[in-house]
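First up is the structure itself, then whatever we jot down about it.
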Amino acid sequence: MHAKSRIEIKSPAEIEKMRKAGKLLRAVFAELEQHVKPGITTRELDSLARKLIEDAGAIPAFLGYQGYPATLCTSVNEQIVHGIPGARVLREGDIISIDCGLVLGGFYADSAYTYPVGCVSELAARLIEVTRNALEAGIREMRPDNRLGTLSAAIQKVVEDAGFSVVREYTGHGIGRAMHEPPQVLNFGTPNTGLRLRPGMVFAIEPMVNVGTWKTRVLNDDWTVVTADGSLSAHFEHTVAITDDGPQVLTS
Ligand code: MF3
Ligand code: CO
């Protein structure tokens, strides 16, 4: 689905601009996470995010993207990704995956976190921790000369060693002057295969992890992706640059 198949190499100056976008996005999440509590609606979280982004002179990246109607994706419990904010009220024990992207100075930043709402089950807490660890394991492999499959396999290993499963149908991606650039970054794979990583490549790495089956289904709203078996799902994402010194997380 990519118009161009060439992977862009960003200059240090471009990466610096992407870091500015990433820093702003991190600040948006820092504010949002204060509001993730029982009683808030996903629409209230969305309005807050939109205001924070626009007040900072940036543009919500998801709003209007292929007709998507909101600033955030808010995916609760068995929802994996692309949950549409609305009247749903968060309840104690829920988990919510919040995905947000913005454009600043012509460059995109994309990030996601899964948060517990109040006190959650041990299983939910473990799912969140494993998914965060899987993202970190992937990021650690983002070094020059490493191959893309090594990164993908590192994510998969953390997830499957914990007894969970990694979603197949949705992937990470290159990012820069567009939200989605080549390559696709799979969350499963074979070490030492695929593209060789080079300094200046910037990827959004985003493992989506299910307690049960990796299979998914899309709800009638044509957006919300849920686990086929109704099991819980979590999602973490960072925008990360590969540099001579190794990975640099731009959204932290
Ligand atoms: N983080 C998601 C992605 O990289 C965001 C796309 S959601 C949409 O694909 F709402 F913008 F479609
Ligand atoms: Co993304």
If I filter region 1-15 for residues that are within 16 Å of ligand 2 (Cβ to nearest atom) and loosely packed, with under 15 Cβ neighbours inside 10 Å, do I get at least one hit?
yes
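Quick check on my filter: what residues within region 67-76 are more than 15 Å from the chain's Cα centre (by Cα) and either surrounded by 20 or more Cβ atoms within 10 Å (Cβ to Cβ) or near ligand 1 (Cβ under 6 Å from one of its atoms) (or both)? If you could, list the steps in order and put the result at the bottom.
Let us first name the residues in region 67-76 that are more than 15 Å from the chain's Cα centre (by Cα), namely 67-70.
Matches in region 67-76: Tyr68, Ala70.
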Scope region 172-193; condition away from ligand 2 (no atom under 12 Å from the Cβ) and over 23 Å from Asn133 (Cα atoms); matching residues
Gly176, Arg177, Pro182
Limited to region 36-53, what total is found for residues that are over 19 Å from the mean Cα position of the chain (by Cα), not hydroxyl-bearing (Ser, Thr, Tyr) and not in a helix (DSSP H, G or I)?
4
Turns out the strands (runs of 3 or more DSSP E) fully within region 55-120 with at least 1 residues that are charged (D, E, K, R) are 95-104, 107-116
Go through (1) free of Cβ contacts under 8 Å to residues at least 24 places away in the same chain; (2) crowded, with 16+ Cβ neighbours inside 10 Å; (3) touching a His at 6+ places or on another chain (Cβ under 9 Å) and name the single condition Arg50 misses.
(3)
Among the residues of region 212-236, how many are under 19 Å from Glu160 (Cα atoms) and within 16 Å of the chain's Cα centre (by Cα)?
4
Quick check, is Asp245 more than 16 Å from ligand 1 (Cβ to nearest atom) and of a type in the set (D, E, K, R)?
yes
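Listed here are the residues, each with its yes/no results for (1) surrounded by fewer than 21 Cβ atoms within 10 Å (Cβ to Cβ); (2) of a type in the set (D, E, K, R); (3) closer than 23 Å to Leu219 by Cα; (4) in contact (Cβ under 8 Å) with a residue 24 or more places away in the chain.
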| site | (1), (2), (3), (4) |
| --- | --- |
| His82 | no, no, yes, yes |
| Arg88 | yes, yes, yes, yes |
| Ser97 | no, no, yes, yes |
| Gly101 | no, no, yes, yes |
| Tyr115 | yes, no, yes, yes |
| Cys119 | yes, no, no, yes |
| Glu122 | yes, yes, no, no |
Taking Val218 as the residue in question, decide whether it is within 16 Å of ligand 1 (Cβ to nearest atom) and among the β-branched types (Val, Ile, Thr).
yes
Looking across region 204-221 at residues that are part of a strand (DSSP E or B) and within 11 Å of ligand 2 (Cβ to nearest atom), the single one that is surrounded by the fewest Cβ atoms within 10 Å (Cβ to Cβ) is Ala204
Restricting attention to region 150-203, which residues are crowded, with 17+ Cβ neighbours inside 10 Å and in a helix (DSSP H, G or I)?
Thr150, Leu151, Ser152, Ala153, Ala154, Ile155, Gln156, Val158, Val159
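Bear in mind that the values in this text are calculations on the coordinates, not laboratory data. These numbers were taken from a predicted model, which means no experiment stands behind them. Here Cβ is always computed from backbone atoms with ideal geometry, including for glycine, and neighbour counts include all displayed protein chains.
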